[in-house]
Amino acid sequence: SSGINAEWPLRPGVGNILKYLDSLSPSILDVELQSLAPLDGGTYGLVDRFVDILIEAVKLRGNYDVLQAYINVFLKYNRQYLIDTQSLHDKLACLKTLHSDSWLEMQQKIQECLCVTNFLKSATL
């Protein structure tokens, strides 16, 4: 798809790329992420760059649910290519570790909010 090639300069700010992805309809986003792999008209460089973008986006610690959706769609269409491309395995391991850490942090914040809510609820009774 022309959007990825035209809109994603070599080292843009991750925030700009995430804004671009957010601006897409679900069906267009689906097509864009599907078209990254060489078998679907993309290139190794696009897949590699998108993994880098995902890593940087996870580090930003924002929009966890949206980022999770991007990762799911990306893996859905590029799973076999990622498995077959040994050179991406280290980056994917890094993404997995960062994503797991981010989820643990999110769970901790949820738990803290629940504790405060329960305390306030019991204090007002």
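Amide H to amide H distances under 5 Å link T43 with no residue, where only residues 5 or more positions off or on other chains count and H is placed in the peptide plane.
Rounded to whole numbers, the Karplus 3J(HN,Hα) couplings from phi for segment 55-62 are 4, 5, 5, 5, 5, 6, 6, x Hz, using 6.51 cos²θ - 1.76 cosθ + 1.60 with θ = phi - 60°, and x at Gly and Pro. Note that the chain shows a convex hull volume over its alpha carbon atoms of 121 Å³ per residue. Of all the options L92, L114, L39, the one that moves most in a Gaussian network model of the chain with Cα springs shorter than 10 angstrom is L114. Ligands, DNA and RNA left out, the accessible area of the chain computed with a 1.4 Å probe is 59% carbon and sulfur.
The values are calculated or read from the model by the stated rules, or taken from the named source; none is laboratory data. As the structure is a prediction and not an experimental result, all values here were calculated from the model. Just so you know, the surface numbers come from the protein's heavy atoms only, side chains and all, with ligands and any DNA or RNA stripped out. Shrake-Rupley method; radii C 1.70, N 1.55, O 1.52, S 1.80 Å.
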